[in-house]
Amino acid sequence: MSTPPTPSDPEALRRRYAAERDKRIRPDGNAQYVEPTGRFASLLEDPYVTPTDRPARTDEVEVAVIGGGFAGLTTGAMLRTAGIDDLVIIEAGGGLGGVWYWNRYPGAMCDTAAMIYLPLLEEVGALPSAKYVAAPEIHAHALRIAEHYDLEARSLLSTRVTAVTWEEGASRWRIETDRGDVIRARFVTMGTGPLHRPKLPGIPGIETFSGACFHTSRWDWSVTGGDPSGAPMASLGDKRVGIIGTGATAVQAIPALARDAGELFVFQRTPSSVDVRGNHPIDPDLGDRLEPGWQTEWLRNFATLQTGGHAEVDLVEDGWTDISKRIWDRIRQRIGTEIDMAVIREAYEEADDEKMSEIRARVDAVVEDPATAEALKPWYRQLCKRPCFHDDYLDAFNRPTVHLVDTDGRGVEAIDATGVWVGGGHLELDCLIFASGFEVGTPYARRCGYETVGRDGETLSEHWADGMSTLHGMHVSGFPNLFIIGHSQGANLISNITHNLTEAGRTAAAVIARASELGAIEVEATVEAEAAWIAPIAAAERGMLGSDECTPGYYNNEGGPIGRREKLNGGGYQAGPVAFFDYIGRWRTSPELPGLELRGADGEVLV
Ligand code: NDP
């Protein structure tokens, strides 16, 4: 293993990948992570605002929108555009913005290009300042959408939903909250986010650390000093700071911590693949050159190129489209008129080997200490884990005050009052930061924080006991008038989540508008339509992504088995995101809305 394998030695590379993966497979899989309880229970709370008293609401609305992140905001915007104004957004945070309200860690930004990540730019008449923008600008854009569509006045903030229950006789949902509200709504949309509930590594002794300690999604600026706009974290200047985790969040936070901490210890289990980001300001005159409808065109162009389609021009030109163009160009060169899966796989592997060799070479080119450079190299296929893009991360390890503590795939062993144990050695720390990510594989109700009880008392957890089950990722039989706003079982375009959310909001608004046009009081997926929708998702191969050759992570159930449940929870429309967007665009404008039943007050099926 001492000589780094090159793409010209693919067999050696395969062996290295397998050995690295085997080192990381753990019998406890997802169960290695623990919920924030005890000392960490406050991680589920809002440190940014103190809720003000308000009277409980006990009224009725047409639509209750659960979640005030981009899912809820784009749904609210689409509802208002469709003329549906009687809505309430219920949001646990003290402000709107979802993930961009909660995540205020230093360096936070989105490495999906802002021209496509920021929803409804054209509608609200805005353009981003740079190709990739920082969290405060993204949060400001969320608030801009809220203002443009007058959503803040329609929001209940600092309000957690505690139960959502279908009232059969009234054909309405009853929504209860921790503020004593009991709101009845004809329709409910749920955009509670795929990655929002912080998780902690179940490291023995985690509760005992006596220094300052927090998770990246609840950054404690009172400990570090500084602020989310990038002011120096002066309080860390004489501190020994540890950060556990080197995923997409840590890659963004570490350069700022490296700049400001007296000493920084980065505890690494698996290195991320960190490619060039190449950020640059957006030309302020760009708006003058864009034609109406430009964002729809950019969104489609990105989704097409990112998922193997052909386009004359790459409008976004980023690391995501680069990964995909390389793979698909190679596949197109190799494949004849017949679809030959073996050839496709070979072409995919060649393109990936080339890309990952470049990423590893970049580590050598940037990181001065050879042992540190070696430890920072990722040995797995790029799409096994969330690809990262950053121009300062690797360079941070050239500072004498920054120490990479590579755990050779095993992770931190134990934590005690004064620090962290790794490889049998103890490191004293003043401050410990968990960049350990968010719950993914846990039950939906646990991640939402409430249960949804549908017709005949069936809970969504029961309905989804063997995996998510929907029509279009949105409608659930037995749960009338409920709309899930997400990406699973729909486009599943994970490289640009907001595209999924905006389209889902558009669909929900179209269905609700159609129901009111017809005077329908119930809208529900048929059992048959739901079964037909999920059958191909459950039957799909795992594909080349998240394959069982991948190093463990949340993309592949931490290396555990991928069965029906995992495929249903993580799968999407088999023909891909662009085909899904085309399909759902046609579907929502069809008068029949096939697969749904729209019923009138007397139970009569109207469509
Ligand atoms: P991740 O789940 O991606 O990363 C968690 C990290 O913690 C991993 O490096 C993991 O190691 C490590 N870890 C867990 N347990 C231990 C342990 N016992 N010892 C040492 N290390 C440990 O969480 P993130 O918050 O980084 O990212 C979550 C997601 O949020 C991303 O995948 C992305 O989808 C999104 N995101 C997007 C951004 C954007 O720019 N658009 C920016 C930031 C986040 P291992 O890899 O070995 O499991």
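Could you tell me how far the Cα centroid of the range 73-121 sits from the Cα centroid of the range 381-406, in Å?
29 Å
Could you please report the charge total around ALA18, scoring K, R as +1 and D, E as -1 over all other residues with beta-carbon less than 13 angstrom from its beta-carbon?
+2
At a 1.4 Å probe radius, which order do ARG455, ARG332, ARG345 fall into by accessible area, largest first?
From most accessible down to least: ARG332, ARG345, ARG455.
In debye to the nearest 20, how big a dipole does the chain give about its Cα centre with +1 on each Lys and Arg Cβ and -1 on each Asp and Glu Cβ?
That gives a dipole near 700 debye.
How much accessible area per residue does the range 261-400 have, in Å², with a 1.4 Å probe?
46 Å²
Projecting each Cα onto the charge dipole of the chain (Lys/Arg +1, Asp/Glu -1 at the beta carbon, about the Cα centre), which of ILE254, THR589, TYR117 comes out farthest on the positive side?
The residue sitting most towards the positive pole is ILE254.
With θ taken as phi - 60° and the coefficients 6.51, -1.76 and 1.60, list the Karplus ³J(HN,Hα) couplings across the range 414-425 in order, rounded to whole Hz; mark glycine and proline as x.
For the range 414-425, the Karplus-derived couplings read 7, 10, 10, 4, 10, x, 10, 9, 9, x, x, x Hz, x marking Gly and Pro.
Rounded to the nearest 0.05, what FRET efficiency do TRP421 and GLU592 give with R0 = 60 Å and r taken as the Cβ-Cβ distance? Could you check?
That pair, TRP421 with GLU592, gives E of 0.45.
Can you flag which of LYS355/LYS385; LYS131/LYS325; LYS239/LYS385; LYS199/LYS377; LYS199/LYS385 are past 22 Å Cα-Cα?
Pairs exceeding 22 Å: LYS239/LYS385; LYS199/LYS377.
Multiplying the sequence separation of MET341 and HIS403 by 0.36 nm and subtracting their Cα-Cα distance, what value in nm do you get?
17.9 nm
Quickly rank 269-275, 533-539 as a protection proxy: mean count of other C-beta atoms within 10 Å, highest first.
The peptides rank, most packed first, as 269-275, 533-539.
Using the crude model of +1 on Lys and Arg Cβ and -1 on Asp and Glu Cβ, and no other charge, please compute the dipole size for the range 278-398 relative to its Cα centre, in debye to 20.
Here the size comes out at about 560 debye.
If packing is taken as the average number of other Cβ atoms within 10 Å across a peptide's residues, how do 480-487, 26-33 rank, most packed first?
480-487, 26-33
Taking +1 at the Cβ of each Lys and Arg and -1 at the Cβ of each Asp and Glu, which of GLY576, PRO561, GLY600 sits farthest along the dipole of the range 557-607 towards its positive end, judged by Cα position relative to the Cα centre?
About the Cα centre, the residue reaching furthest to the positive side is PRO561.
Using only alpha carbon pairs under 8 Å that are at least six residues apart, calculate the relative contact order of the chain and give it in whole percent.
After rounding, I find 19 percent.
Would you mind checking which residues have amide H under 5 Å from PHE187's amide H? H placed 1.01 Å from N; only 5 or more apart, or other chain.
VAL63, ALA64
Determine how large the accessible area of LYS239 is when every protein chain is in place; take a 1.4 Å probe and give Å² rounded to the nearest 10.
Near enough 70 Å² of accessible area.
How compact and how long is the range 457-581, expressed as Rg and Dmax of its alpha-carbon atoms in Å?
Calculated on Cα positions, Rg and Dmax stand at 15.4, 53 Å.
Under a 5 Å amide H to amide H cut-off, with H placed in plane at 1.01 Å, what residues pair with GLU522 once short-range neighbours are removed?
Excluding prolines and chain starts, which carry no amide H, the hits are ARG599.
Would you work out if the range 310-377 is rounded, prolate or oblate? Take a ≥ b ≥ c from the square roots of the eigenvalues of the alpha-carbon gyration tensor; rounded if a/c is under 1.5, else prolate when a/b is larger than b/c, oblate otherwise.
Oblate, since a/c reaches 1.5 and b/c is not below a/b.
Using a 1.4 angstrom probe on heavy atoms only, work out the carbon and sulfur share of the accessible area of the chain in %.
Answer for the chain is 53 percent, counting heavy atoms of protein chains only.
Work out the length of the dipole vector of the range 310-377 about its Cα centre, built from +1 on the beta-carbon of each Lys and Arg and -1 on the beta-carbon of each Asp and Glu, and round it to the nearest 20 debye.
With Lys and Arg at +1 and Asp and Glu at -1, about 140 debye.
Order of 524-531, 502-509 by packing, highest average Cβ count within 10 Å first?
502-509, 524-531
Please work out the FRET efficiency for the pair ASP53 and ALA234, using the Cβ-Cβ distance as r and a Förster radius of 35 Å; give the result to the nearest 0.05.
Calculated value: 0.45.
Alpha carbon centre of the range 136-204 versus the range 260-290: separation in Å?
Rounded to whole Å, the Cα centres lie 31 Å apart.
Say R0 is 51 Å: what FRET efficiency, to the nearest 0.05, do VAL605 and ALA18 get from their beta-carbon distance?
Computed FRET efficiency for VAL605 and ALA18: 0.40.
Ordered by residue, what ³J(HN,Hα) values in Hz, to whole numbers, does the range 252-263 give under the Karplus form 6.51 cos²θ - 1.76 cosθ + 1.60, where θ = phi - 60° and Gly and Pro are x?
Once rounded to whole Hz, the list reads 7, 7, 4, x, 6, 5, 4, 5, 10, 7, x, 9.
Grab the Cα-Cα distance for GLN333 and LEU195, subtract it from 0.36 nm times how many residues apart they are, and report the gain in nm with one decimal.
45.9 nm
The values are calculated or read from the model by the stated rules, or taken from the named source; none is laboratory data. The model shown is predicted, which means the values in this text are computed figures rather than measured ones. Quick reminder, even Gly has a Cβ in these numbers, built from the backbone with ideal geometry, and neighbours come from all protein chains shown. Accessible surface areas use protein heavy atoms only, side chains included; no ligands, DNA or RNA. Shrake-Rupley method; radii C 1.70, N 1.55, O 1.52, S 1.80 Å.
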